[in-house]
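Here is the structure we will look at.
Bear in mind that the values in this text are calculations on the coordinates, not laboratory data. Given the structure is predicted, the values throughout are model-derived calculations rather than measurements. Note: ideal-geometry Cβ built from the backbone for every residue, glycine included; neighbour counts use all protein chains shown.
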Amino acid sequence: MLIQESHKDVATQAGGDMRIFLFHPTIANYPKAKFPGVVVFSEIYQVTGPVTRFARQIASQGYIVAAPSSYHEFTGPDPLAYDGPGTDKGNEWKIMKKVSAYDEDATLSIDALLALPTCNGRIGATGMCLGGHLAYRCALDSRISSAICYFATDIHSHTLGEGKNDDSLTRAKDIKGELVMIFGKMDNHVPPEGRDLIRKTLHEAGVCFSWYEIAWAQHAFIRDELSKGRYDPAIAGICFEMLKELFNRTLRSELGPRSGEDIEVEDIC
């Protein structure tokens, strides 16, 4: 599917205009075709080449993608470099930005998708690293049907944003859509005890979720550029198939509201 790329600058209460990069699928001779929307949240480096390519991949499957630039309070929409100074700046801004401002970014991105006449009204979210956490928080919005979070950082330690004291885990019950959490077992950014805490909390909160820990994957294993030797294209491809299955089922199908009753599983071979 072909893609049209554009951007929209949106004023924020937190400060500065947030640039939302838009990736819109097109089908020849169908100018009024409608598509689901997906918000793609980036790492600490803003919307880089790998994030752009990830967004294009999703858009090519028939989703309108909105990728917001997170650090509009501090800088323009250009990405940070995958180097020492870029990493330091991204980590600094990550904990200078208010959690309420992250949530405002998510709200504005959803609003931007829903305002498009070509959006069918169903929205998903995804992201990697910081973006994985932001996709999780985006799912706190009841308008999100599903979210898939890749190696989401800082959820287990509740250290996102100004004051390093976010409420992401304590608000798990607010997630009404379906969630997919993917981690590498060798990810030292989210240690085993941290992953156990997230999984236990989601289970106790009654969230509908799938959980995957990949044996030999490290942090940033889906980033195809300057991943410090951690990029695994085979595993990244499998994880993208998980994204396609989730979004195809939850954003394309007319499922209606989830009833939530227990499903009886027969004890048969």
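Considering only the other residues whose Cβ falls under 10 Å of the Cβ of GLY121, what net charge follows from Lys and Arg at +1 and Asp and Glu at -1? Write down the numbers at each step before the final one.
Details: positive: LYS34, ARG122, ARG143; negative: none.
Result for the neighbourhood of GLY121: +3.
Collect residues whose amide H, placed 1.01 Å from N in the peptide plane, falls under 5 Å from the amide H of VAL39; neighbours closer than 5 in sequence don't count.
ALA66, GLY124, ALA125, THR126
Would you kindly calculate the mean projected area, averaged across all directions, of the convex hull enclosing the Cα atoms of segment 1-150, in square nanometres?
One quarter of the hull surface, i.e. the mean projection, equals 8.0 nm².
Scattering from the C-alpha atoms of segment 125-269 alone, worked out with Debye: what is log10 I(q)/I(0) at q = 0.16, 0.17 1/Å?
Values, matching the q order: -0.88, -0.98.
Between TYR136, TYR30, TYR102, which gets the highest mean-square fluctuation from a Gaussian network model of the chain, Cα cutoff 10 Å?
In the Gaussian network model the winner is TYR30.
Note down the nm distance, to one decimal, between modelled labels 7 Å out along Cα→Cβ at TRP211 and at GLU264.
Here the modelled spin labels are 2.7 nm apart.
Helix by helix, which DSSP H runs in the chain go 15 Å or more along their axis at the Cα atoms and have an average Kyte-Doolittle hydropathy of 0.0 or more? Please report the intermediate quantities before stating the final value.
Values: long enough: 49-60 (16 Å, -0.08); 84-96 (18 Å, -1.25); 99-114 (23 Å, 0.49); 192-204 (18 Å, -1.32); 233-247 (21 Å, 1.15).
The qualifying helices are 99-114, 233-247.
Starting from 0.36 nm per residue, how many nanometres of slack lie between SER253 and SER60 once their C-alpha separation is accounted for?
Working: separation 193, 0.36 × 193 = 69.48 nm, distance 1.80 nm.
Extra length from SER253 to SER60 when fully extended: 67.7 nm.
Taking each pair of distinct Cα atoms in segment 2-252 once, what is the resulting Kirkwood hydrodynamic radius in Å?
About 17.9 Å for segment 2-252.
Under a plain spin-label model, where a point goes 7 Å from the Cα along Cα-to-Cβ, how far apart in nm are GLU73 and TYR30?
Output for this residue pair reads 4.1 nm.
What residues qualify as long-range amide H neighbours of VAL180, i.e. H under 5 Å apart, gap of 5 or more or another chain, H built at 1.01 Å from N?
Placed amide hydrogens put ALA147, ILE148, CYS149, SER210 under 5 Å from VAL180.
A 22 angstrom limit on the alpha carbon distance is what I want to check against. Which of LYS173/LYS200; LYS8/LYS173; LYS98/LYS185; LYS89/LYS164 exceed it?
Exceeds cut-off: LYS8/LYS173; LYS98/LYS185.
Using Cα-Cα distances under 8 Å and only pairs 6 or more residues apart, what relative contact order does the chain have, in percent? Show your work: numbers first, answer last.
Values: 535 pairs, mean separation 41.1, N = 269.
Value for the chain: 15 percent.
Could you rank the peptides 239-248, 1-10 by their average count of other C-beta atoms within 10 Å per residue, with the highest value first?
Order by mean packing, descending: 239-248, 1-10.
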